[in-house]
Amino acid sequence: MILSPEEWSIVALSLQVSLVAVGLMLPVAFALAWLLARSRFPGKLLVDALVHLPLVVPPVVTGWLLLLLFGANGPLGRLFEQALGVSFMFRWTGAALASAIMAMPLMVRAMRLSIEGIDRRLEQAAQTLGAKPRRVFLTISLPLALPGILAGLVLGFARSIGEFGATITFVSDVPGETRTLPIAIYSALQMPGAETAVTRLAVISILLSLAALVASEALARRAGGGRTNHVL
Amino acid sequence: MSFDLEIDHRIGDRPIRLRAQAGAGLTALFGPSGAGKTSILNMVAGIVTPDWGRITVAGETLFDSSAAINLPAAQRQAGYVFQDGRLFPHMRVRANLLYGRHGDAPLSFDAIIDFLGIGHLLDRWPATLSGGEAQRVAIGRALLSGPRFLLLDEPLSSLDPARREEISTVIERMKRDLAMPILYVSHDRAEVERLADHIIPL
């Protein structure tokens, strides 16, 4: 299957949006997962609920909330514009933000599970061997949480690549800026006689997701050394 | 004094109370399961903080609640051999042995490998080791971390009789060759009578 220039640009945009979304969300999600797995603090339940909100609320509502917060007149939107010169409206940055927020709960859940699964007694053993907290984290906790981190990345990427509702609500359908694969499929469906285009885009979308899955399995196998790890 | 322990601690509704002093050699904490033996080792290692008390090993105060001294586990230089080995599953045997490597180790890497007979295991993953092999690697890892004293938590309990004999011999040799205070936890009378210079009943 040879892609047309227009299809290429849709695929490239989708990859750009998803990779940026997952890449920027990775440290945030890991920090949240660590916090939820390891700490007790007042308001933890609230943080937990907020993290999971995008999973349970209709995506359109998430998109609308993003519009209120990060729109041109939203408080956070203005903050980003003034502090970093980043605007989100009708831009790919907005699509990435929507993807990141929608991917967050899945990423946090996967990472939290693996952090909770770390045998704390191994961390204690490392301490008795003279390792300071930073070294314990880098050499014991982080590698043992790696399968969950990879799982979070894959789930987050898959969720981002498929993201539709929040994105189209937040930043609409702008060719070249916010028209990612699912949005391109949707707009092709609106046009009469575009069945071939729809089929081609759908096949690309399936292949992309499968490739991500295979890549992550391979990564997990390498990361696991002699042991068998499965991402999902 | 090798060990000078004064500990009051409560886990749930179970109180642990210990007043004991012991001289050089191997000191056995001897008592039935559930008497808090492992908890005491954890307190000496710095993994658990006692509610009240004082822990002095070989003249150094590791913990003193009245003087607000509580040395972090990483600075206590305890060679802790856990009951379940606790080898790091994501590192090969060699990396496990070298994890806590310290210049103060009583013997060189090669000497310790030789002493414990684990040279052929260096490239293996911990999951592939037998109980006796894992226990020897755990002992090696503790010795290479340059310990000032050793804490051994029922190192024989998970082994079959042949392996018990093998590890007992290793412990006797450590006692003889390393001249390091050893605190040894066991619930087995014969084991304690064979190995211990001092017995603290619990």
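The values are calculated or read from the model by the stated rules, or taken from the named source; none is laboratory data. Remember, predicted model here, so these are calculated numbers, not experimental data. Backbone-built Cβ (ideal geometry, glycine too); neighbour counts: all protein chains shown. Just the protein is used for accessible areas: all its heavy atoms, side chains included, with ligands, DNA and RNA removed. Shrake-Rupley method; radii C 1.70, N 1.55, O 1.52, S 1.80 Å.
Quick look at the values:
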read-out: Selected residue (criterion: modelled with the lowest pLDDT) from residues of segment A:223-232 that are loosely packed, with under 15 Cβ neighbours inside 10 Å and more than 12 Å from chain B (Cβ to nearest Cβ); value: A:LEU232
read-out: Total residues in segment A:13-47, condition on the phi < 0 side of the Ramachandran plot, free of Cβ contacts under 8 Å to residues at least 12 places away in the same chain and over 17 Å from the mean Cα position of the chain (by Cα); value: 7
read-out: Breaking point among (1) touching a helix residue (DSSP H, G or I) at 6+ places or on another chain (Cβ under 9 Å); (2) modelled with pLDDT under 95; (3) aliphatic (A, V, I, L, M), for A:LEU36; value: (2)
read-out: When residues of segment B:24-62 are limited to those that are more than 14 Å from chain A (Cβ to nearest Cβ), under 24 Å from B:ASP84 (Cα atoms) and polar (S, T, N, Q), the one surrounded by the fewest Cβ atoms within 10 Å (Cβ to Cβ); value: B:SER33
read-out: Evaluation of A:LEU50 against (1) touching a residue at least 40 places away in the same chain (Cβ under 8 Å); (2) open to solvent by 70 Å² or more (accessible area, probe 1.4 Å); (3) within 11 Å of A:MET104 (Cα to Cα) (one fails), failing number; value: (1)
read-out: Qualifying residue in segment B:100-113 (condition: within 11 Å of chain A (Cβ to nearest Cβ) and modelled with pLDDT of 95 or more); value: no
read-out: Hits in segment B:115-134 (condition: over 18 Å from B:ARG86 (Cα atoms) and either buried (at least 17 other Cβ atoms within 10 Å of the Cβ) or over 20 Å from the mean Cα position of the chain (by Cα) (or both)); value: B:PHE115, B:GLY119, B:HIS120
read-out: Some residue of segment A:93-114 being assigned to a helix (DSSP H, G or I), within 14 Å of chain B (Cβ to nearest Cβ) and touching a helix residue (DSSP H, G or I) at 6+ places or on another chain (Cβ under 6 Å); value: yes
read-out: Helices (runs of 4 or more DSSP H) enclosed by segment A:122-177 - at least 2 residues per element that are within 14 Å of chain B (Cβ to nearest Cβ) and of a type in the set (S, T, N, Q); value: none
read-out: Residue count for segment B:108-140, restricted to those that are of a type outside the set (A, V, I, L, M, F, W, C), within 20 Å of B:GLU165 (Cβ to Cβ) and in a loop (DSSP other than H, G, I, E, B); value: 2
read-out: Any hit, segment B:75-90, residues being within 17 Å of the chain's Cα centre (by Cα), hydroxyl-bearing (Ser, Thr, Tyr), within 14 Å of chain A (Cβ to nearest Cβ) and buried (at least 21 other Cβ atoms within 10 Å of the Cβ); value: yes
read-out: Flag for A:ARG78 being more than 29 Å from A:ILE183 (Cβ to Cβ) and either touching a helix residue (DSSP H, G or I) at 6+ places or on another chain (Cβ under 7 Å) or assigned to a helix (DSSP H, G or I) (or both); value: no
read-out: Strands (runs of 3 or more DSSP E) completely within segment B:141-202 that count 2 or more residues being more than 20 Å from A:LEU122 (Cα to Cα); value: B:182-186, B:198-201
read-out: Candidate set: segment A:156-192, residues that are crowded, with 23+ Cβ neighbours inside 10 Å and within 30 Å of A:GLU116 (Cβ to Cβ); chosen: the one farthest from the chain's Cα centre (by Cα); value: A:ALA166
